[in-house]
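Notes to accompany the following structure.
Nothing in this text is a laboratory measurement; each read-out follows from the coordinates by a stated rule. Since the structure is predicted, the reported quantities are computational estimates derived from the model, not experimental observations. Cβ: placed from backbone, ideal geometry, glycine included. Neighbour counts: every protein chain shown.
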Amino acid sequence: MNAAILLSGGTGRRMSLDTPKQYLKAAGRMIVTHAAMPLFLFPIIDRVVFVMEEDYREEVFRELKEEKADLGKLLGIARPGSNRQESIRQGLLKLRESCGEPEDADTVLIHDAARPLLSEELLTRLYEGLTGHDGVMPVLPMKDTVYLGDGEKRIASLLNRDRVFAGQAPELFLLRPYAKAVLGLDPETLEKIRGSSEPAVMAGMDVVMTEGEESNFKITTPEDLKRFRELMERTD
């Protein structure tokens, strides 16, 4: 089984809007709908779990039906947690509740509802890149010189940008070891984690990198939203 968890529980505080960013519209659809469609269309993915609040579920699934999403893949919906990693935990628990203990070859893809331009090419690279490893994540090289600060806005050292990368979502993992890594964390540690791959690395899983895409940007600020809407207008 190749499962996917779509995280759609963020509040979008940095957008300073009443509506969470993933439920704003562009080209007539919510951002979460744009992000979800590749998961339902990509043939390798068998099952999809949503992590989202109840208030938006009806409209999201109405849009997905109108877009002819294969909702037969929908395995379930989980309530969001207090942060991103707790939401992943809730998604993994929903998977275990619905499917039982995973097989050795089962995988889980972790995607963000705020990344609406996921391509089939990137998904293909992820699944191909997982062969022989426990996990794979898309990354972009750093274009600018990168410095380490001392915590008081002073430069402490220069980092080698050839070894520093910007991580993207989705990340793909073997389900059994990843679920063990996440579900085994205590609440205090879970609260401090920010990236999906962090529990895997902490657990000693073999996580490799693959080439990300500039177009696979995350909508975090009003400028990101404007950029996405302009891109969608050009493709209409």
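Values as computed for the structure displayed
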read-out: Helix-only [θ]222 nm of the chain, DSSP H runs n ≥ 4, -39500 (n - 2.57) each, per residue, nearest 500; value: -10000 deg cm²/dmol
read-out: Span-like helix ranges in the chain, DSSP H, alpha carbon extent 15 angstrom or more, Kyte mean at least 1.0; value: 31-41
read-out: Gained length - L71 relative to E121, 0.36 nm times residue gap less alpha-carbon distance; value: 15.8 nm
read-out: Most fluctuating residue given options E121, E198, E152, as computed from a GNM of the chain linking Cα atoms under 10 Å; value: E152
read-out: Quarter of Cα convex hull surface for the range 154-236, i.e. mean projection, nm²; value: 9.1 nm²
read-out: Gaussian network model of the chain, Cα within-10 Å springs - most flexible of T189, T124, T220; value: T189
read-out: Residue order, fewest to most surrounding Cβ atoms within 10 angstrom, among H133, H34; value: H133, H34
read-out: Rg(Cα)/(2.2 N^0.38 Å) for the range 162-206, N = residue count; value: 1.20
read-out: The range 171-209: trypsin sites (Lys or Arg not before Pro) in DSSP loop, at most 14 other beta carbons within 10 Å; value: R194
read-out: Equivalent ellipsoid semi-axes, the range 50-189, via Cα gyration tensor eigenvalues times 5, rooted, Å; value: 31, 19, 19
read-out: Whole-percent pair-distance distribution, where bins are 5 Å wide, for the alpha carbons of the chain; value: 1, 6, 14, 18, 20, 18, 12, 7, 3, 1, 0
read-out: Inter-site label distance for E214 and M1 at 7 Å from Cα along Cβ, in nm; value: 4.0 nm
read-out: Length added when fully stretched, H133-S98, from 0.36 nm per residue minus Cα-Cα; value: 10.0 nm
read-out: Per-pair calculated FRET efficiency, R0 = 25 Å: R194 and Y147 via Cβ, rounded to 0.05; value: 0.80
read-out: A203/A156 FRET efficiency (R0 45 Å; Cβ-Cβ; nearest 0.05); value: 0.95
